[in-house]
Amino acid sequence: MSPKNELDREHGFYKRNLETMPPAQRTKYLEEKLKKIIRHAHKNSSAFRRRMEATGVKPADIGTIQDLKRLPVTPKSLLIELQKETPPFGGFEGVPLAKLRRIFVSPGPIHEPGEADSHDLGWAQALYGAGFRPGDIAINTFSYHLVPFALNMLDNALFQVGCITVPTGVGNTEQQVHILRNLRVTAFCGTPSFLLNLAEKAEEMGLDLRRDLFLRVGFVAAEMLPESLRSQLEEKLGMRIRQSYGTADIGCLGYECFEKNGFHVPDDKIVEIVEPRTGKTLGTGKTGEVVGTTFNKIYPLIRFGTGDLSLLTQEPCPCGRTSPRLVKILGRVDQATKVRGLFVHPGQVKEVVAKYPQVAKYRLVVGRNDQKDEMALQLELKAPPLSLENFKSQVEKSIRDVLKVRGIVEFVAPDTIPEGSKIIDDQRSWG
Ligand SMILES: [Zn+2]
């Protein structure tokens, strides 16, 4: 007997009045919020004020979403640079430091302020859209350490929706399977690959995934979700899986509803698609960089450049939500890519190879095998080292140290790697 079966997870809204607004009304709603956050950021965030003053634009000049294009895009790389100059937040914080509850530290390194009382609307809308309902028992398998996603964002959003959270964090697969079973966990938060690990571990432990486990819904993020993996997991576990998109800096920028129809933009953000480098706003249907503006007073990022490529659509969605949708995430502006949930950047690959003068040419090939990411660093050597085996394991250790993701080294014959080829060759297809 599971009362969870009787819940309608496919319909309904977290905030009906916001989610079903006619587009013109939404524009008005967002513009009111925009005017307020611009005034707040100009008054309280020294970094934003400086950047605004450099353009000669005054807070009163920003009245509409179109006016946003008069302000500069702040890319993550600039945020990192300014934070180094003025730690911890580079002056982007919108409250005095003493008002904060936590400081998070993400790879970069980059810091994010943690709120005393977080009410992030976007992630709550995302969880509801994924079918999470009050009374669900959810495991949150994202990392609770250092980074803000699991604790500051998702844990609070689960509470807002009315779910009961088991803060399991990453790893401990076998223990997590016991938790799934013993607590009759109905909802999963984590990466698709970790859900796959759990399913495989449960099978290994002799469990019947549909009879012995009680999962109904899954919220996944931080990794690509190929449709083949989604349907494989949904079928195996008898659950529905929906994905979301956002960043640790700005929060949720899009979420899937039950229609699996792209990513609805939540009602606490303005999302623009801009031409990378110029910051010029592009119309719906045009591919460009995803730039987000949040209404979060603690960390009021205005025109934050995510470095992700996507496009927006205004086509109506059968779910009834009227917000625009990001059609899908198409890759990275700067060629960085995600491998097993972690960003791998061309600069990091250069850093690994710089330690080894024996290397003539190199290329990192990212592929997919059995629904898992694989990474091989191909090397062309000037001359063979004394022991190829030792050299191989040395470089593989450097890959682990610098990239934080395991990868293998492949030695290739001279002139295998074409002149001028990309440093990261992402060969994965997400069909
Ligand atoms: Zn929808």
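Among Phe159, Phe132, which is the only one that is modelled with pLDDT of 95 or more and open to solvent by 10 Å² or more (accessible area, probe 1.4 Å)?
Details: Phe132 fails: open to solvent by 10 Å² or more (accessible area, probe 1.4 Å).
Just a single option satisfies the conditions, and that option is Phe159.
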Next item on the list: For Leu377, work out the one condition from (1) part of a helix (DSSP H, G or I); (2) open to solvent by less than 80 Å² (accessible area, probe 1.4 Å) it doesn't fulfil.
Entry: (1)
Note to self: Looking only at region 229-260, how many residues end up being touching a residue at least 24 places away in the same chain (Cβ under 8 Å) and more than 20 Å from the chain's Cα centre (by Cα)?
What the structure shows: 7
Note to self: Given the options Leu151, Leu79, name the one that is out of contact with any helix residue (DSSP H, G or I) (no Cβ under 8 Å at 6 or more places or on another chain), under 30 Å from Thr278 (Cα atoms) and part of a helix (DSSP H, G or I).
What the structure shows: Leu79
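Of everything in region 266-281, what is over 20 Å from Ile38 (Cα atoms) and open to solvent by less than 60 Å² (accessible area, probe 1.4 Å)? Give them in sequence order.
Taking region 266-281 as the starting set, the residues that turn out to be over 20 Å from Ile38 (Cα atoms) are 275-278.
Within region 266-281, Pro276 is the sole residue that qualifies.
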Next item on the list: For Gly90, work out the one condition from (1) under 25 Å from Arg242 (Cβ atoms); (2) among the small types (Gly, Ala, Ser); (3) open to solvent by less than 20 Å² (accessible area, probe 1.4 Å) it doesn't fulfil.
Entry: (1)
Next item on the list: Give me a count of the residues in region 356-374 that are open to solvent by less than 20 Å² (accessible area, probe 1.4 Å) and more than 22 Å from Pro418 (Cβ to Cβ).
Entry: 1
Next item on the list: Specify the residue that is farthest from Val344 (Cα to Cα); the eligible residues are those in region 380-407 that are surrounded by 13 or more Cβ atoms within 10 Å (Cβ to Cβ) and of a type in the set (A, V, I, L, M).
Entry: Leu381
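Considering only residues of region 410-431 that are of a type in the set (Val, Ile, Thr) and under 29 Å from Ile329 (Cα atoms), which is most open to solvent (accessible area, probe 1.4 Å)?
Ile423
I'm checking my understanding of the structure. Among residues of region 299-324 that are of a type in the set (Val, Ile, Thr) and outside any loop (DSSP other than H, G, I, E, B), which one is surrounded by the fewest Cβ atoms within 10 Å (Cβ to Cβ)?
Going residue by residue through region 299-324, those that are of a type in the set (Val, Ile, Thr) are 302, 306, 313, 322.
So of that shortlist, the ones also outside any loop (DSSP other than H, G, I, E, B) come out as 306, 313.
Numbers: Thr306: 23, Thr313: 14.
My answer is Thr313.
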Check: From the list Val333, Val327, which one is open to solvent by 10 Å² or more (accessible area, probe 1.4 Å) and within 16 Å of the ligand (Cβ to nearest atom)?
Finding: Val327
Notebook entry, point to check: When region 282-298 is examined, which residues are found to be open to solvent by less than 40 Å² (accessible area, probe 1.4 Å) and either within 16 Å of the ligand (Cβ to nearest atom) or within 15 Å of Gly122 (Cα to Cα) (or both)?
Noted result: Gly292, Thr293, Thr294, Phe295
Next item on the list: Restricting attention to region 229-269, report how many residues are basic (Lys, Arg) and within 16 Å of the ligand (Cβ to nearest atom).
Entry: 3
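Please work out if Leu209 is modelled with pLDDT of 95 or more and either within 16 Å of the ligand (Cβ to nearest atom) or in contact with a Lys or Arg (Cβ under 9 Å, 6 or more places away or on another chain) (or both).
Details: modelled with pLDDT of 95 or more: yes; either within 16 Å of the ligand (Cβ to nearest atom) or in contact with a Lys or Arg (Cβ under 9 Å, 6 or more places away or on another chain) (or both): yes.
So Leu209 fits the description; yes.
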Margin query: Anything in region 212-237 that is hydroxyl-bearing (Ser, Thr, Tyr) and modelled with pLDDT of 95 or more? List them, or say none.
Written below: Ser231
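The values are calculated or read from the model by the stated rules, or taken from the named source; none is laboratory data. Everything numeric here is computed off the predicted structure, so don't read it as measured data. Heads up, the Cβs are rebuilt from the backbone with ideal geometry, glycines too, and the neighbour counts pull from every protein chain shown. Please note that ligands, DNA and RNA were not included when accessible areas were found on the heavy atoms of the full protein model with its side chains. Shrake-Rupley method; radii C 1.70, N 1.55, O 1.52, S 1.80 Å.
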